[in-house]
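This report concerns only the one structure given below.
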Amino acid sequence: MNERRQAASPSDGVVLLHGISRTARSFRRMELALQDAGFATLNLDYDSRRKPLDALAEDIHPAIDPFANGLGGSIHFVCHSMGGLLARAYLARHRPPRLGRVVMLGTPNGGSEIADRLKDFRAYRALFGPAGQQLGTRRDPATTALLPAIDYSLGIIAGNRSIYPITSLPLPRPHDGRVSVANTKLDGMADHIVIPASHPWLVRNGEAIVQTIMFLQAGTFRH
């Protein structure tokens with residue numbers, strides 16, 4: 001597991017969790033902006049296509065635990081796509097004592113209709129692995145148990161642009177090409193905002209970065 005971190009300081013810290021089939025590099029622009037805003041960062045790579053969410057939560061814990069313990073302030077989480085589901089599973093098992101706020105970008109909290117349609121295809125199973133089977137809207141009891149109700153400050157950023165004109169046809173509008181805006185929402189969330197961005201570019205979108213930092217600092221987005 002590769003990780004990129006700024007030296008821990010008395011400031012707050014942010015754990016960044018990329019989406020399925022992505023890497024920590026996808027969060028590099030966001031990471032630099034967070035560091036400029038004064039946050040220590042832990043930008044993790046994890047085997048998103050090889051293991052289910054419960055195993056991934058255990059994989060990332062040995063890196064997150066010392067990072068959290070080395071901070072003088074709170075530890076926040078910023079997550080893209082499936083990374084948000086991983087954060088939910090992780091926090092249900094290993095919640096840090098000084099948990100701060102969580103921001104999710106394009107996370108399929110209600111599942112993805114595209115995963116529903118593709119999960120039985122061999123190519124989809126090969127590309128997205130066990131976790132890909134947990135991304136649908138119809139979750140089995142074991143997956144549902146991994147994602148209990150939240151009791152922390154959560155802000156959700158959704159996109160409403162698509163660069164996938166064919167494969168996104170099954171999605172209810174508005175959507176970001178992979179996840180409908182409606183399915184990004186989660187009961188108990190503190191705030192929700194929609195921006196003009198497509199799913200893969202949410203992590204690099206300038207407005208998404210500004211809104212993420214604002215939520216981490218103030219607990220609300222700028223509407």
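A few comments on the model shown:
- Note, ³J(HN,Hα) from phi for region 38-47, Karplus 6.51, -1.76, 1.60, rounded to Hz, x at Gly and Pro: x, 8, 6, 10, 10, 9, 9, 9, 8, 7
- Alpha-carbon centroids, region 174-223 and region 103-118: separation in whole Å: 14 Å
- Multiplying the residue separation of Tyr152 and Ala182 by 0.36 nm and subtracting their alpha-carbon distance yields 8.8 nm.
- Amide H contacts of Phe77 (H built 1.01 Å from N, under 5 Å, at least 5 apart or other chain): Val15, Arg101, Val102, Val103
- The spread of Cα positions in region 161-223, taken along each principal axis and listed from longest to shortest, comes to 39, 26, 15 Å.
- Rolling a 1.4 Å probe over the protein heavy atoms gives region 34-87 an accessible area of 30 Å² per residue.
- Estimated FRET transfer efficiency when R0 is 25 angstrom, pair Leu32-Ser11 (beta carbons, to 0.05): 0.95
- Rounded percent of accessible protein surface that carbon and sulfur make up, region 70-208, 1.4 Å probe: 55 percent
- Sorted peptide list for 163-175, 86-98, criterion being average Cβ within 10 angstrom, highest first: 86-98, 163-175
- Each principal axis of the Cα cloud of region 116-179 was taken in turn, and the coordinate range along them, longest first, works out to 37, 29, 17 Å.
- Summarising the amide proton neighbourhood of His175: residues at separation of 5 or more, or on other chains, whose placed amide H is nearer than 5 Å comprise Val181.
- Label selected from [x] 47, 36, 30; [y] 48, 40, 29; [z] 57, 51, 42, the criterion being Cα extents along the principal axes in Å as computed here: [x]
- Two numbers describe the Cα atoms of region 76-206: Rg and Dmax, which are 14.3, 45 Å.
- A simple rule links phi to the HN-Hα coupling: the Karplus curve 6.51 cos²θ - 1.76 cosθ + 1.60 with θ = phi - 60°, which for region 149-165 gives 4, 8, 9, 9, 6, 10, x, 10, 10, 10, x, 10, 10, 10, 10, 10, x Hz, with x for Gly and Pro.
- Kirkwood-based Rg to Rh ratio, region 6-138, C-alpha trace: 0.99
- Protection proxy ranking of 151-158, 189-196, 28-35 - average other beta-carbon atoms within 10 Å, highest first: 151-158, 28-35, 189-196
- These residues, Lys119, Lys185, go from largest to smallest accessible area, 1.4 Å probe, as Lys185, Lys119.
The values are calculated or read from the model by the stated rules, or taken from the named source; none is laboratory data. Note that the structure is predicted; figures quoted are calculated from it, not measured. Reconstructed Cβ throughout: ideal geometry from the backbone, glycine too, with neighbour counts over all protein chains shown. Quick note on the areas: whole protein, heavy atoms, side chains included, nothing else; ligands and nucleic acids left out. Shrake-Rupley method; radii C 1.70, N 1.55, O 1.52, S 1.80 Å.
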